[in-house]
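No value in this document is a laboratory result; all are computed from the given coordinates. Just so you know, these numbers come straight off a predicted model, no measurement behind them. With ideal geometry, Cβ positions are generated from the backbone for all residues, glycine too; neighbour counts draw on all protein chains shown.
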Amino acid sequence: MKEMLRDLLWLNALIATELIQITENTSQILRNAAPPESCIVEHAALRKTALEIADRYKPGTMLRKHVAEHQ
């Protein structure tokens, strides 16, 4: 049960980081310009928190490397 909860926490962090990226991409497409700086800063903080959670419960995955490539 404990391992399943770790997997679920990691999976939720994965989904969160991907949704943040989708939001930024959609904003850029709709505005035909980069997202506002305030959004970029807030998304970076949210992404950082999600990655910390993912690393805490399931360290050593490719998630951090993958997310870094988004930026």
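Summing Cβ point charges (Lys, Arg +1; Asp, Glu -1) relative to the Cα centre of the chain gives a dipole of roughly 180 debye. Karplus-derived 3J(HN,Hα) values for the stretch 56-67, using 6.51 cos²θ - 1.76 cosθ + 1.60 with θ = phi - 60°, are 5, 9, 8, x, x, 8, 7, 4, 4, 5, 4, 5 Hz; glycine and proline are entered as x. A simple rule links phi to the HN-Hα coupling: the Karplus curve 6.51 cos²θ - 1.76 cosθ + 1.60 with θ = phi - 60°, which for the stretch 28-41 gives 5, 5, 5, 8, 6, 6, 4, x, x, 4, 4, 5, 4, 5 Hz, with x for Gly and Pro.
A simple packing score, the average count of other Cβ atoms within 10 Å per residue, orders the peptides 9-20, 34-45, 49-60 as 9-20, 49-60, 34-45, with the highest score first.
Remark: C-alpha extents of the chain on the principal axes read 45, 18, 15 Å, sorted largest to smallest.
If R0 equals 25 Å, the separation of the Cβ atoms of MET62 and ALA34 corresponds to a calculated FRET efficiency of about 0.40.
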